[in-house]
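Here the structure comes first, spelled out in structure tokens, and everything after it is commentary.
The values are calculated or read from the model by the stated rules, or taken from the named source; none is laboratory data. Everything quoted here is computed from the prediction, not taken from an experiment. With ideal geometry, Cβ positions are generated from the backbone for all residues, glycine too; neighbour counts draw on all protein chains shown.
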Amino acid sequence: MKILVTGSAGHLGEALVRSLKSGGDEPVGIDIKESEFTARVGSVTDPVFIKSCMVGVDAVIHAATLHKPHVATHSRQDFIETNVSGTLVLLEEAVSAGVRAFIYTSTTSTFGDAMRPAPGEPAVWVTEELQPLPKNIYGTTKLAAEDLCRLISRNQDLPCIILRTSRVFPEDDDNRGKRETYSADNLKVNELLFRRVDIQDIVTAHRLAIEKAPELGFDCFIISATTPFGREDAVALGADAPSVLARYEPGYAKEYARHGWEMLPTIGRVYDNSHARNTLGWAPAYDFHRAIELLGKGKDYQSPLARQVGAKGYHETTFMDEPYPVE
């Protein structure tokens with residue numbers, strides 16, 4: 001299958017091109033930057049360029065985007081042009097080319113302030129039914145692009161799947177307080193409980209989305225590691241997360257002590273991936289339980305693909321307040 005992958009020089013884009021190629025597909029990576037995984041250099045906002053890239057394409061994975069780290073270094077207009085206009089160009093050219101599936105890589109950041117409980121309140125249980133409330137231009141433009149996907153899918157019969165991915169970046173957290181309290185790996189393993197996913201599992205979700213798109217027509221899925229928690233834990237998670245976790249993963253405390261790690265005192269949100277597991281048949285492999293098992297064997301908690309791709313960063317410049325400024 002010939003698959004157009006946008007953003008091929010990026011973190012997820014590289015992972016997708018690597019995996020698709022090794023799986024026997026024919027990925028065509030495009031990006032504004034040259035890279036080992038970029039077949040053609042150009043912008044998603046250029047209709048002539050995109051039309052030429054669509055020739056013979058069976059499916060599109062649109063992973064190119066301006067991210068949250070770009071909020072302080074790019075204008076709102078830049079976000080609109082790349083994340084909204086670029087998505088529209090791709091959708092329209094995909095329709096013209098008769099592609100069988102269009103997969104849009106979105107983000108759980110679209111939920112924004114809808115996921116922020118007041119101190120002491122229960123954790124927010126995040127499903128696809130939660131009404132998004134973006135808190136910055138990044139989330140706003142990603143949500144607008146989702147609406148374009150829904151519109152074109154409905155009106156032009158383009159099979160389209162939206163994947164709202166949770167945190168996957170390997171870079172340090174943008175919150176200084178968290179960076180000063182937890183080591184990078186400690187925080188990332190903590191987040192596997194409620195707001196993080198391994199890049200291998202994201203790639204698998206994209207593959208399944210391509211397969212299911214013609215059957216589903218249109219759908220939207222949260223893509224995050226499977227949480228051990230249930231809705232009934234929301235109140236307790238908002239008050240004492242370690243005690244709740246101990247009931248599900250009693251061996252975690254010993255492993256954390258060995259690494260000098262700490263669990264977050266409270267958890268304010270939990271991403272529920274049930275819809276993706278039930279509808280796509282997605283079975284993410286790299287969850288908190290597996291991380292504890294791997295750490296106990298002296299192994300890396302990340303997938304081999306995550307280690308292979310590594311960190312890319314988002315800017316060519318270095319900022320005083322690492323890893324990047326935020327709005």
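Side notes on the structure shown:
- Test: residue in the range 22-31 that is of a type in the set (A, V, I, L, M) and modelled with pLDDT of 95 or more: yes
- Of the residues making up the range 8-34, just one is over 16 Å from residue 105 (Cα atoms), among the hydrophobic types (A, V, I, L, M, F, W, C) and assigned to a loop (DSSP other than H, G, I, E, B), namely 32.
- Options 80, 30, 61, 3: the member that is closer than 22 Å to residue 146 by Cα, without any contact (Cβ under 8 Å) to a residue 40 or more places away in the chain and hydrophobic (A, V, I, L, M, F, W, C): 30
- Any hit, the range 161-179, residues being in contact with a Cys (Cβ under 7 Å, 6 or more places away or on another chain) and either over 17 Å from residue 269 (Cβ atoms) or not in a loop (DSSP other than H, G, I, E, B) (or both): yes
- Conditions (1) at pLDDT 95 or above; (2) surrounded by fewer than 16 Cβ atoms within 10 Å (Cβ to Cβ); number of the one not met by residue 95: (2)
- Selection status of residue 30, more than 20 Å from residue 132 (Cβ to Cβ) and in contact with a helix residue (DSSP H, G or I) (Cβ under 9 Å, 6 or more places away or on another chain): yes
- In the range 107-163, residue surrounded by the fewest Cβ atoms within 10 Å (Cβ to Cβ) [restricted to those that are touching a helix residue (DSSP H, G or I) at 6+ places or on another chain (Cβ under 8 Å) and acidic (Asp, Glu)]: 128
- Considering the range 39-158, the qualifying helices (runs of 4 or more DSSP H), each wholly inside and each with 1 or more residues that are within 16 Å of the chain's Cα centre (by Cα), run over 137-156.
- Lone unmet requirement of (1) of a type outside the set (Lys, Arg); (2) over 21 Å from residue 106 (Cβ atoms); (3) buried (at least 19 other Cβ atoms within 10 Å of the Cβ) for residue 79: (2)
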